[in-house]
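Quick notes on the structure that follows.
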Amino acid sequence: MIKYQELNELYIPEKILFRDLQISKIKETFDIFKKSGGGSSLRLIGWTGTGKNCVLMSVVNQNENKKYCVFGDASHRTAHETLKAMFDINSSTLGGLVSKIIEKLKKDPKILILDEINKLKDKDEIKALFDSLNRIWRATEYPIIILSNLFTLNQFIADDARGTLSLEPVEFPTYTFDELKEIFYDRARILK
């Protein structure tokens, strides 16, 4: 008997269509991290609905990598609030918080995954977050994965952080009409 599952934004299909290149790039980062503790930092970039979260969560779930990553949703927060929530660490200053995060990561290495970066409180907070991530990366060299639909995100990253983090872009192009039709029919078969 097939258990009914609502097809909403949290749904992750068993088979993800038209995203093989993106899946392999993300898997590569996780595989390298598991083997060596390093790996490329990535910037998953594409419009809403192009599969960034779905693909990432599929890779995380298939490889049981949840223990290897820390997730953060930056919606309407400051850099300090976002990092504090991700690591459940208290510190009154952003600098002190980053020092504690580095200490924690050195004991328990993780890939950092941040979503909705473009929804931070304002542009200064985006810059502050990237300055903090730069400091974390310099101390750990652990991969950082950023999901965003803000194509001009690089303009908010200081030159130093941009050079250090080297966020490799993984583009999620919009689906064509034929691709959307095939995805729709695939999902409709699930509901039968």
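The values are calculated or read from the model by the stated rules, or taken from the named source; none is laboratory data. No experiment lies behind these values; they were computed from the predicted model shown. Reconstructed Cβ throughout: ideal geometry from the backbone, glycine too, with neighbour counts over all protein chains shown. Ligands, DNA and RNA are stripped out before the accessible areas are found, and what is left, the full protein with its side chains, is counted by its heavy atoms. Shrake-Rupley method; radii C 1.70, N 1.55, O 1.52, S 1.80 Å.
Rounded to the nearest percent, how much of the accessible area of the range 73-130 (1.4 Å probe, protein heavy atoms only) is carbon and sulfur? Walk me through the numbers on the way to the answer.
Values: 1320 of 2930 Å².
The nonpolar share, carbon plus sulfur, comes to 45 percent.
Mind checking the per residue accessible area of the chain for me, 1.4 Å probe, whole number of Å²? Walk me through the numbers before you get to the answer.
Working: 10850 Å² over 192 residues.
The answer is 57 Å² per residue.
Quick check on my link table: of Lys25/Lys119; Lys34/Lys110; Lys35/Lys84; Lys52/Lys119; Lys25/Lys107; Lys100/Lys123, which ones sit more than 18 Å apart, alpha carbon to alpha carbon?
Numbers: Lys25/Lys119 25 Å; Lys34/Lys110 10 Å; Lys35/Lys84 28 Å; Lys52/Lys119 16 Å; Lys25/Lys107 27 Å; Lys100/Lys123 24 Å.
Where the Cα-Cα span goes over 18 Å, the pairs concerned are Lys25/Lys119; Lys35/Lys84; Lys25/Lys107; Lys100/Lys123.
Ratio of the chain's C-alpha Rg to 2.2 N^0.38 Å, to two decimals? Spell out each step's value before the answer.
Numbers: Rg = 17.4 Å, N = 192, 2.2 N^0.38 = 16.2 Å.
Expressed relative to 2.2 N^0.38 Å, the Cα Rg reads 1.07.
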Cut-off 10 angstrom, C-alpha nodes, Gaussian network model of the chain. Which of Pro169, Pro109, Pro143 fluctuates the most? Pro169
Can you list the aspartates and glutamates whose alpha carbon sits under 17 Å from that of Lys121, skipping same-chain ones fewer than 8 residues off? Asp73, Glu81, Asp131
What size of dipole, in debye to the nearest 20, comes out for the chain about its Cα centre when the only charges are +1 on Lys and Arg C-beta atoms and -1 on Asp and Glu C-beta atoms? 480 debye
Determine, for each peptide in 78-86, 19-27, the mean count of other beta carbons within 10 angstrom over its residues, then list the peptides with the highest first. 78-86, 19-27
Which shape class applies to the range 81-157: rounded if a/c is under 1.5, otherwise prolate when a/b exceeds b/c and oblate if not, where a ≥ b ≥ c are the square roots of the Cα gyration tensor eigenvalues? prolate
